[in-house]
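Trainee: Take this structure, written in structure tokens, and hold onto it; I'll ask about it next.
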Amino acid sequence: EAGVAQSPRYKIIEKRQSVAFWCNPISGHATLYWYQQILGQGPKLLIQFQNNGVVDDSQLPKDRFSAERLKGVDSTLKIQPAKLEDSAVYLCASSKGLAGGETQYFGPGTRLLVL
Amino acid sequence: AQSVTQPDIHITVSEGASLELRCNYSYGATPYLFWYVQSPGQGLQLLLKYFSGDTLVQGIKGFEAEFKRSQSSFNLRKPSVHWSDAAEYFCAVGALGGAQKLVFGQGTRLTINP
């Protein structure tokens, strides 16, 4: 079974530029998550989708971050414009559903450096 | 709201020695508890999880964890570490029911001395 795929793996941009990350979850997984992991910290949930609907985006900085999952499968996360403090690893995860205790499977992440 | 504290930022043990990584959580009800491991440049891999039943949970790679409600703890243990266990370890808590939102601790970096 293929795991969660993410691209690109690395990205370097200047501040105020825009950037987009792509995630393809495990086949059949209805729930998709985007996490931000700043160096030295644990992952922090940015947004959670159930199929193509948003379940939780309470910690997404909506003035600059956006995410979509139009067909309920793959997803994109965009930052526009980027700030220095957005330098982090962006992790995508998926799970079969929303039930408590469901295992979340993580992709390798996209490492973003904003200069 | 739930929260997780991992008191040890960095731990160094010798290969073959036993290991215990500490995790304390805060949550008003019975939580779901997880331990994930992250190797350099990799995503997170689930080691084990607890959501009910036996408080001693067995996981992959020889790891186990014990849920202690009275201490709000979920410490990870391994009787004999291998050099390949060097990685970052994250404890996470999930809410019972509803949307599956995980809150992670800051992580413990494990270094293995040969």
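The values are calculated or read from the model by the stated rules, or taken from the named source; none is laboratory data. What you see is a predicted model, and the numbers here were worked out from it, not measured in a lab. So basically every Cβ, Gly included, is an ideal-geometry build from the backbone, and we count neighbours across all protein chains shown. Each accessible area value is taken on the protein alone, full model and side chains, heavy atoms only, with ligands, DNA and RNA left out. Shrake-Rupley method; radii C 1.70, N 1.55, O 1.52, S 1.80 Å.
Trainee: Of the conditions (1) open to solvent by 20 Å² or more (accessible area, probe 1.4 Å); (2) part of a strand (DSSP E or B), B:GLN106 fails just one. Which one is it?
Mentor: So B:GLN106 meets the others, but not (2).
Trainee: Continuing with this model, one more query. Which condition does A:LEU112 not pass, out of (1) touching a residue at least 40 places away in the same chain (Cβ under 8 Å); (2) within 13 Å of chain B (Cβ to nearest Cβ); (3) open to solvent by less than 10 Å² (accessible area, probe 1.4 Å), if it passes all the others?
Mentor: Failing condition for A:LEU112: (2).
Trainee: Here's a follow-up. Given the criteria away from every other protein chain (no Cβ under 14 Å) and in contact with a Pro (Cβ under 7 Å, 6 or more places away or on another chain), does B:SER18 qualify?
Mentor: Here the answer is yes, as B:SER18 does meet what is asked.
Trainee: If I ask for residues that are within 14 Å of chain A (Cβ to nearest Cβ), in a helix (DSSP H, G or I) and surrounded by 12 or more Cβ atoms within 10 Å (Cβ to Cβ), which ones from the range B:43-96 would you list?
Mentor: Within the range B:43-96, none qualify.
Trainee: Here's something else I'd like to know. Right, B:THR30: touching a helix residue (DSSP H, G or I) at 6+ places or on another chain (Cβ under 9 Å), more than 28 Å from A:THR110 (Cβ to Cβ) and open to solvent by 30 Å² or more (accessible area, probe 1.4 Å) or not?
Mentor: yes
Trainee: All but one of (1) more than 12 Å from chain B (Cβ to nearest Cβ); (2) assigned to a loop (DSSP other than H, G, I, E, B) hold for A:GLU102, so report the exception by its number.
Mentor: (1)
Trainee: Identify, please: which residue in the range A:10-51 is of a type in the set (Val, Ile, Thr) and assigned to a strand (DSSP E or B) and is, among those, most open to solvent (accessible area, probe 1.4 Å)?
Mentor: Selected residue: A:ILE12.
Trainee: Out of the range A:28-47, which residues are under 21 Å from B:HIS10 (Cα atoms) and facing chain B (nearest Cβ under 8 Å)?
Mentor: A:GLY40, A:GLN41, A:GLY42, A:PRO43, A:LYS44
Trainee: In the range A:69-86, how many residues are open to solvent by 10 Å² or more (accessible area, probe 1.4 Å) and within 15 Å of A:HIS29 (Cα to Cα)?
Mentor: Final tally of qualifying residues: 5.
Trainee: Let me ask you something else. Only residues that are closer than 26 Å to A:LEU39 by Cα, assigned to a loop (DSSP other than H, G, I, E, B) and in contact (Cβ under 8 Å) with a residue 40 or more places away in the chain: list them for the range B:11-42, please.
Mentor: If the condition is that a residue be closer than 26 Å to A:LEU39 by Cα, assigned to a loop (DSSP other than H, G, I, E, B) and in contact (Cβ under 8 Å) with a residue 40 or more places away in the chain, then B:ARG22, B:CYS23, B:TYR27, B:SER39, B:PRO40 are the ones that fit.
Trainee: Picking from A:VAL89, A:VAL54, which residue would you name as being among the β-branched types (Val, Ile, Thr) and loosely packed, with under 15 Cβ neighbours inside 10 Å?
Mentor: On inspection, the qualifying residue turns out to be A:VAL54.
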